[in-house]
């Protein structure tokens, strides 16, 4: 079987201190103790921490974790990745314990983004506490979605579709190439590929269970003075109502509600990103950790 969902996101950041209020108080994830020393761990549901933030002298994407069904499927996918000419590395027992998974394999995609395929998350049986919202949409749809910058979107597309089993949901022509939106479950897209000069995380999205949860997050962004990137709007592809802010390290961070389920449908090309809204705001002048 192909990849099931986005399981976790691991980021190296300039200042962990600036990320804690952003994730805990604005996004609303639950901070928990975790096995990685000097890192921040955040839960969204019964899974192990889906977001892990580590302060680093070299900020950037540490890894995108995609869940697979079991050990057999991981073995099969690793064989497919290696047959595509990409070297993989199996996680050690210690590394699995740090990720709270049973097994994983790591490699770089054709554009240099670090990917980890894992199975067997070690589930928490402590009730998740989310005081700012009623819940996140996870389950079979996973953590949400990520958009990755790609130096070669065509080769990277062929890898994710032809090797890992993602389905093309839609595309968007950009001045620098084509952006692809790929799905692996009922979520309209779990992965986006953006043409860019180098590998990196462009943005990540989490979906709230209730529209009021998303609206209250918009209020919290105002109250906490989280810099807005794109105003409230509705996408043309997933039909989600959402808004974007800048993370402390400059990633576009999307909070939305009501994503369209699109498990199996013919692919299509969009010509606009939004039906309405999503008006862009440049980052604040001189903002630390944000693009200028």
Checking the conditions here, which among 62, 73 is part of a strand (DSSP E or B) and buried (at least 16 other Cβ atoms within 10 Å of the Cβ)? 62
Could we say that residue 38 is touching a helix residue (DSSP H, G or I) at 6+ places or on another chain (Cβ under 8 Å), farther than 17 Å from residue 91 by Cβ, modelled with pLDDT under 95 and assigned by TED's automatic domain parsing to the domain that holds residue 114 here? yes
Only residues that are out of contact with any strand residue (DSSP E or B) (no Cβ under 6 Å at 6 or more places or on another chain) and farther than 26 Å from residue 180 by Cα: list them for region 219-247, please. 219, 220, 222, 223, 224, 225
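Say we look at region 264-292 and pick out the residues that are outside any strand (DSSP E or B) and in contact with a strand residue (DSSP E or B) (Cβ under 6 Å, 6 or more places away or on another chain); which of these is modelled with the lowest pLDDT?
290
Look at residue 248 and say whether it is closer than 20 Å to residue 14 by Cβ and either assigned to a loop (DSSP other than H, G, I, E, B) or outside the structural domain of residue 147 (by TED's automatic domain parsing) (or both). Quick ask: steps written out before the conclusion?
Numbers: closer than 20 Å to residue 14 by Cβ: yes; either assigned to a loop (DSSP other than H, G, I, E, B) or outside the structural domain of residue 147 (by TED's automatic domain parsing) (or both): yes.
Yes, satisfied.
Residue-by-condition table, conditions (1) in contact with a helix residue (DSSP H, G or I) (Cβ under 9 Å, 6 or more places away or on another chain); (2) modelled with pLDDT under 95; (3) over 20 Å from residue 143 (Cα atoms):
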position: 215; (1), (2), (3): no, no, no
position: 230; (1), (2), (3): no, no, yes
position: 245; (1), (2), (3): yes, no, no
position: 259; (1), (2), (3): yes, yes, no
position: 262; (1), (2), (3): no, yes, no
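For every residue, the table says whether it meets (1) at negative phi; (2) exposed (fewer than 13 other Cβ atoms within 10 Å of the Cβ).
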site	(1), (2)
178	yes, no
224	yes, yes
229	yes, no
239	no, no
252	yes, no
When residues of region 40-59 are filtered for being surrounded by fewer than 20 Cβ atoms within 10 Å (Cβ to Cβ) and part of a strand (DSSP E or B), how many remain? 2
So residue 95 passes all but one of these: (1) in contact (Cβ under 8 Å) with a residue 12 or more places away in the chain; (2) part of a helix (DSSP H, G or I); (3) in contact with a strand residue (DSSP E or B) (Cβ under 8 Å, 6 or more places away or on another chain). Which condition number does it fail? (1)
For residue 103, state whether it is surrounded by 18 or more Cβ atoms within 10 Å (Cβ to Cβ) and either in contact (Cβ under 8 Å) with a residue 24 or more places away in the chain or assigned by TED's automatic domain parsing to the domain that holds residue 193 (or both). yes
Evaluate the following for residue 180: is it part of a helix (DSSP H, G or I) and either without any contact (Cβ under 8 Å) to a residue 60 or more places away in the chain or within 18 Å of the chain's Cα centre (by Cα) (or both)? no
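The values are calculated or read from the model by the stated rules, or taken from the named source; none is laboratory data. This is a predicted model, so every value here is computed, not measured. Neighbour counts run over all protein chains shown; Cβ positions are idealised from the backbone, glycine included.
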